[in-house]
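Asker: This is the structure I want to talk about, given as structure tokens.
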Amino acid sequence: MKITSALQDTGDLKKNWSEVQLKLKETYGVDVFKSWIQNVEAKEINHNSLTLIVKTRFVRDWIVSHYADKILDFFQKLNPVVTRIQFEIHESFYNTKSADTNIVDFNTGSKIVNIQDNGYAANRLDHRLTFSNFVVGESNQLAFSAAKRVSESLGHYNPLFIYGSVGLGKTHLLNAIGNELKKTDKKIIYLSAERFMYQFVKSIKNKDTQKFKDVFRNADVLILDDIQFISGKEVTQEEFFYTFNSLTENQSQVIISCDRSPNDLDRIQDRIKSRLSGGLVVDIQSPDIALRLQILKNRCKTEETYFGKEVLINDEILSFIANEFKSSVRDMLGVLNRIIASSRIQNKTPTLQDAKMILKDLLSNMKAIISIEDIQKLVVSYYNLPMGDFLSSRRSRHIARPRQVAMYLAKKLTTKSLPEIGRKFTGRDHTTVIHAIKKIEELMAADKKFEYEVQDISNKILKNN
Ligand code: ADP
Ligand code: MG
């Protein structure tokens, strides 16, 4: 056989390759196509062998292990002569910027900063999230101990997988580990899985996957937050799995957080799930009331140290918050911040009623809103009046004043408009309501005892609801 006849006409070859690429796109989807297939060129067919050109070794390995069979399959249908595929690597991109240079970059200088500088650890460790300000209780004891243990002795549990629902302290623990290890000479990468994915896809676009690979696979510690983001993203899963394997093979530590257990992850390959469960899996449960209170108290202390000024929040309010905001520590602390902020602006210790007012929007989502009838009932019983008199048109002071108090509280404690309030008081006009509110405000400003009385009624209404 003459060489010339063995080399296929390039026109045909290009056409056939385009067709194969199209079929691969249909088979594997646009993501895979763009990531792995699109930039591959067909060079020649020599004897029975099709030569494809790829940009990096990494891409070649990936194609060989994932798509080569299908490529051959499709190609044979168009040209049965071809029985094998070979690859040529044209690392044009890396000629000026070799993979080795990247590794050197990574190794010199002080770990974290350097990783950040090259764009791979865009998530910074938050130095405020430490073990010392993590409050331990029954619900997070296990996760805390495991995290502490890992930070003291790498590789002890590998991987460490911490899961729990949102706002319970996973990111806090991950950062605490990172902050602890930052004191050593270990190379740490901390980032969210979302970021990992983003970097990976970007590296494919920039034909820079080698660098991606090197950066991650040279870490001593990889901390990956919110790994549930990887579910369903096939290509990223693969890359994560490869990274994960090569890290653990090198005895590097992997620490992962997730909003559910490995088994409950859907659309994640079984082999990945089983590798994720291969070290230690610990969960964080919702905190009980004692832990919630302690977290609130600690946060107040932190605030005081930070601002060098007392936080004006009493225990009654702290227990109120701890009782009402159970599901997420994050939400609970958000509520505390809001009250602290308001107390700073007003420069006074808020009463329970104030706190409830500050949180009116949140509370009204959680329970029925106070009705004007509730207010009327309480005011009537407080002043020991018959409801009939109270709602009548009588103007004697001992009836008119409580009526005004009720109108004032209706405005303060409900979201009803002035005309609506007026209507509930046997069809009074909204100007009557305005007058009542003004009157009560004046009286409260002038008379401490009266102010206390109104506040007392208000507290009773809020407590009943
Ligand atoms: P997750 O990552 O689980 O959604 P985070 O770690 O972001 O939750 O926690 C939410 C907020 O609650 C953070 O401000 C964190 O510092 C705080 N937090 C959670 N648990 C604790 C705890 N046990 N002690 C102190 N702060 C906590
Ligand atoms: Mg988190």
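The values are calculated or read from the model by the stated rules, or taken from the named source; none is laboratory data. Worth saying up front: this structure is predicted, and the values here are computed from it rather than measured. Backbone-built Cβ (ideal geometry, glycine too); neighbour counts: all protein chains shown. SASA here: full protein model, heavy atoms, side chains in, ligands and nucleic acids out. Shrake-Rupley method; radii C 1.70, N 1.55, O 1.52, S 1.80 Å.
Asker: For the chain, what is the mean residue ellipticity at 222 nm derived from helices alone (per DSSP H run of n ≥ 4: -39500 (n - 2.57); sum divided by total residues; nearest 500 deg cm²/dmol)?
Answerer: -17500 deg cm²/dmol
Asker: Continuing with this model, one more query. Label Asp447 and Thr302 with points 7 Å out from Cα along Cα→Cβ: what is the distance between them in nm?
Answerer: Label-label distance for Asp447 and Thr302, simple model: 4.6 nm.
Asker: Just the C-alpha atoms of the chain: what Rg/Rh do they give, with Rh taken as the Kirkwood radius?
Answerer: Numbers: Rg = 33.6 Å, Rh = 27.8 Å.
Result for the chain is an Rg/Rh of 1.21.
Asker: For Arg57 and Asn206 in the same chain, what is the full-extension length gain: residue separation times 0.36 nm, less their Cα-Cα distance, in nm?
Answerer: 52.1 nm
Asker: Now, a different point. What does DSSP give for the chain in terms of the percent of beta bridges that are antiparallel, rounded to the nearest 5? It would help to have the intermediate numbers written out before the result.
Answerer: Working: 5 of 28 bridges.
The antiparallel fraction comes to roughly 20 percent.
Asker: Would you please put 400-406, 283-289 in order of how densely packed they are, using the mean number of other Cβ atoms within 10 angstrom per residue and starting with the highest?
Answerer: 400-406, 283-289
Asker: Lys14 versus Tyr198, label points 7 Å from Cα toward the beta carbon: distance in nm?
Answerer: In this crude label model, Lys14 to Tyr198 measures out at 3.9 nm.
Asker: Also: Counting each pair of different Cα atoms once, what's the Kirkwood radius of the range 312-465 in Å, rounded to one decimal?
Answerer: Every distinct Cα pair counted, the radius reaches 16.6 Å.
Asker: May I pose another question? Would you tell me the accessible area of Lys205, worked out with a 1.4 angstrom probe on the heavy atoms of the protein chains, in Å² to the nearest 10?
Answerer: Roll a 1.4 Å probe over it and Lys205 shows about 150 Å².
Asker: Tell me the carbon and sulfur percent of the accessible area for the chain, rounded to whole percent, probe radius 1.4 Å.
Answerer: Percent of accessible area from carbon and sulfur atoms in the chain: 50.
Asker: Please report the equivalent ellipsoid semi-axes of the range 240-292, computed as sqrt(5 x eigenvalue) of the Cα gyration tensor, largest first, in whole Å.
Answerer: Value: 26, 15, 8 Å, ordered largest first.
Asker: Once you have the Cα-Cα distance between Met387 and Lys326, take 0.36 nm times their residue separation minus that, and quote the gain in nm to one decimal.
Answerer: Fully extending the segment from Met387 to Lys326 adds 18.1 nm.
Asker: If R0 is 45 Å, what FRET efficiency do you get for Asp126 and Asn459 from their C-beta distance, rounded to 0.05?
Answerer: 0.70
Asker: Let me ask something else. In square nanometres, what is the average projected area of the Cα convex hull of the range 410-462?
Answerer: On the way: hull surface 14.7 nm².
Mean projected area for the range 410-462: 3.7 nm², to one decimal.
Asker: What's the angle, to the nearest 10 degrees (0 to 90), between helix 193-205's Cα axis and the longest principal axis of the chain?
Answerer: Taking the Cα atoms of the chain, the angle to 193-205 is about 40 degrees.
Asker: Please give the direction-averaged projected area of the C-alpha convex hull for the range 163-206, in square nanometres with one decimal.
Answerer: About 4.2 nm², averaged over all directions.
Asker: Right, something else. Go ahead and run the numbers for FRET between His66 and Lys183, Cβ-Cβ distance against an R0 of 45 Å, rounding to 0.05.
Answerer: 0.65
Asker: Need the C-alpha centroid separation for the range 282-338 versus the range 33-60, integer Å.
Answerer: Their Cα centres are 59 Å away from one another.
Asker: While we're on this one: Just subtract the alpha-carbon distance of Asn337 and Arg401 from 0.36 nm times their residue separation and send over the number in nm, one decimal.
Answerer: Working it through step by step, the gained length comes to 19.4 nm.
Asker: Quick check: with the 1.4 Å probe, what order do Arg275, Arg292 take by accessible area, largest first?
Answerer: Greatest to least solvent exposure: Arg275, Arg292.
Asker: I would also like to ask the following. Relative to the longest principal Cα axis of the chain, at what angle does helix 141-152 sit, 0 to 90 degrees, rounded to 10?
Answerer: Helix 141-152 sits roughly 50 degrees off the main axis of the chain.
Asker: To make sure I understand the rule: partners must be lysines, Cα under 18 Å from the Cα of Lys412, and not fewer than 8 residues away in the same chain. Which ones qualify?
Answerer: Correct list for Lys412: Lys356, Lys360, Lys367, Lys377, Lys424, Lys438, Lys439, Lys460, Lys463.
Asker: Which angle from 0 to 90°, rounded to the nearest 10, does the C-alpha axis of helix 57-66 make with the longest principal axis of the chain?
Answerer: Helix 57-66 and the main axis of the chain meet at about 90 degrees.
Asker: In terms of modelled amide H atoms, which long-range or inter-chain residues lie less than 5 Å from the amide H of Ile85?
Answerer: Result for Ile85 returns Leu50.
Asker: Hey, could you grab the Kirkwood Rh for the range 123-282? Inverse mean 1/r over distinct alpha carbon pairs, Å, one decimal.
Answerer: Working: mean 1/r = 0.0638 Å⁻¹.
Taking the inverse mean of 1/r over all distinct Cα pairs, the range 123-282 comes out at 15.7 Å.
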